[in-house]
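Have a look at the structure below before the remarks.
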Amino acid sequence: MPQVSDIRLMVRAEQPVLSARTKVSYKDLEWTLARKRQDALALLRKTGEYMTDVPFIIYYDYLNMDIYDLDVEICFPVSCLMEGDENVRSRVIPQSKVVHCLFKGDYEEIDYLYGEMTFWMMQKGYEPEGTAYEFYYRRKEEPFDDRLTKIVLPVKS
């Protein structure tokens, strides 16, 4: 089974990030992530700062996603608010209440877990905010079945 943790509710602390919001098709997403990662790393090298966690993507309106025209924000967590540039901007993602779960496997099978998490929220009386965060704990060379992804769904206050 691809779900490797319980679905849980938590308060996520505010998080400074370097980020780039863009529209992209699903087939170009991995390439876009790699390009923006290079942009963020170039900026970090200049400042001596480091990423504090793995990159993640915010999918806006995950409940009605169009895989040919995804509205995403590619984020690189950092320890403090810092100067951005023309390629990546600096901002703080505010503290929020979220539901999260870990997924292991090929991304083609991730939809079922989104459904399970949304159902869990509704059973508990929570309403999804509409965005989804995916944290990618994987190496490119890993087989698809071994990829680990944390899914985070913000809850309306």
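The values are calculated or read from the model by the stated rules, or taken from the named source; none is laboratory data. None of the values given here were measured: they were computed from a predicted structure. With ideal geometry, Cβ positions are generated from the backbone for all residues, glycine too; neighbour counts draw on all protein chains shown.
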_If I ask for residues that are surrounded by 20 or more Cβ atoms within 10 Å (Cβ to Cβ) and hydrophobic (A, V, I, L, M, F, W, C), which ones from the stretch 61-80 would you list?_
LEU70, VAL72, ILE74, CYS75, PHE76, VAL78
*Taking the stretch 107-145, which residues are in contact with a Pro (Cβ under 8 Å, 6 or more places away or on another chain) and of a type in the set (D, E, K, R)?*
GLU109, GLU129
*asked:* Which count do you get for residues in the stretch 1-40 that are of a type outside the set (Gly, Ala, Ser), in a helix (DSSP H, G or I) and either exposed (fewer than 14 other Cβ atoms within 10 Å of the Cβ) or free of Cβ contacts under 8 Å to residues at least 24 places away in the same chain (or both)?
replied: 6
*Among what's in the stretch 101-157 and is at positive phi and surrounded by 14 or more Cβ atoms within 10 Å (Cβ to Cβ), pick the residue that is modelled with the highest pLDDT.*
GLY130
_Whichever residue in the stretch 55-80 is outside any strand (DSSP E or B) and within 12 Å of the chain's Cα centre (by Cα) and, among such residues, is nearest to ALA40 (Cα to Cα)_ = PRO55
